[in-house]
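This report concerns only the one structure given below.
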Amino acid sequence: MVKAVKYTCAFVGILFKIFPYSLALTSKYSYRGQPQNTWKELALLHDLQHISLLLLELHVFGRCHFPIFLILKLGKSSLAFVLSTVLSVTSQTFAGQRCDCSEHDMPKDRTISRLRGELHRFQEQIRKSEATKQPQKQPAKPTIFVITPTYARLVQKAELTRLSQTFLHVPQLHWIVVEDSPHKTPLVTDLMVKSGLTYTHLHMPTAKDRKLLEGDPSWLKPRGVEQRNEGLRWLREDRRAHPGGDNQQGVVYFADDDNTYSLQIFDEVGPQHVTSAFSLLMKTTSLHIREVAVFLFFYCHNCRRKNYYPLVSCQMRSTQRVSVWPVGLVGGMKYERPVVEGGKVVRFHTGWRPSRPFPMDMAGFALSLKLVLANPEACFDGDAPMGFLESSFLQGLVTMDELEPKADNCSKVLVWHTRTEKPKMKREEALQAQGLGSDHGVEV
Ligand code: UGA
Ligand code: MN
């Protein structure tokens, strides 16, 4: 009876083992007609699977599978692939029995660290082979161009630091920062240089009569208008100079410097999520669950390489025309959002003038680069009545029916219209009056 159970387990295990390969092989012929996997890659994948499983075996049970060691020594040829699949039958049949091979006497920690090294080496190899293949085989990920207006005030460096460090986590992002200033300031210049991001630094002062004065209520005049328009002007000019002209893949997003952005709004579930789900599943004691984890890991990994995300919902990077999503803490509400029925936006949940053409905050939409390039006149109207700034830009570009809802049909808040409190300087001013103010040389 025990034996029967063992053999059944082994059979299920093998099915799981063969699954990823059959899938990978099928995709060789079916995915956009591009051959994706070679035997070498599959064998490499297989070795990697075994190392991952072995690491866990050692970790959880303190025992090893002798046949797997043998396979690792055999290398990565197609023969090794076939052989190792056959041998994995044996290894799984013997799972649960104490191993009496000499490897078992090796100090566990040393073996684990050696295998970790090997795993790392294989991962590095896969990464490198992908990097060299990318230009011929894969459509590049669309770049997200983020346009951020910014102006000098006490909290500016803190805002831009937070923002830049969020963007560091987003692949293929180009940050266009436009200072509301007659010249580029050293503070922003220095911050951009050190940011580690791909960026463009511009400046465009707001006309005097359009600028908010100290003490004016913030709603009196629109903010960041000339800066966003300057960002758009630069983008159109720059993209024209690139090969591909008007037909380039890309997304444009207007991100104010004080808001809060979840990484999830930019992309599909990031690799870190897949990795942590993988680690979690690998901690289970069931060999089969671990096999499934390995399968899922490589499946997601493969899909990401092809820019195809079947297991997760895509966010703004997949924008075709104009995509939309909720914004938290805005308009005197917990959130504002487009209301989606049958996959289409039918109206907007907002507390103020829902009759506006697009009653949305700037942080709640993104548009495709193609649309921006195809409409060279589209810009923000600084004379638009209060609350109509977003509509002034979107009106000629898209209809409500065409909006693409993101963030799980606009059911999740992934962006917050946070506003930073103006810091009080009462004590600073008192100390300054005594000649004891903070050192001007220290940048804040
Ligand atoms: C709300 C919206 O979220 C903004 O997108 C919109 O531009 C603004 O209303 C408006 O109606 O004009 P709110 O938080 O009230 O935003 O505005 P701010 O965050 O103060 O300013 C928006 C952007 O413009 C920020 O990136 C800010 O740094 C920049 N800004 C502000 C300037 O470039 N110059 C200024 O004088 C003020
Ligand atoms: Mn703001």
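Laboratory data are not the source of any read-out in this text; all were calculated from the coordinates shown. These numbers were taken from a predicted model, which means no experiment stands behind them. Here the Cβ positions follow ideal geometry from the backbone for every residue, glycine too, while neighbour counts run over all protein chains shown.
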Q. Just in the stretch 328-413: which chymotrypsin sites (Phe, Trp or Tyr not before Pro) are loop by DSSP and have at most 16 other Cβ atoms within 10 Å?
A. 352
**Q.** Cβ-Cβ FRET estimate between residue 247 and residue 408, R0 fixed at 25 Å, reported to 0.05
**A.** 0.25
Q: Multiply the residue separation of residue 440 and residue 216 by 0.36 nm, subtract the distance between their alpha-carbon atoms, and state the gained length in nm to one decimal.
A: 77.9 nm
Q. Tell me, what is the FRET efficiency for residue 429 and residue 119 to the nearest 0.05, using R0 = 45 angstrom and their Cβ-Cβ distance as r?
A. 0.15
Q) If each of residue 395 and residue 341 carries a label point 7 Å out from its Cα toward its Cβ, how far apart are those two points in nm? A) 2.7 nm
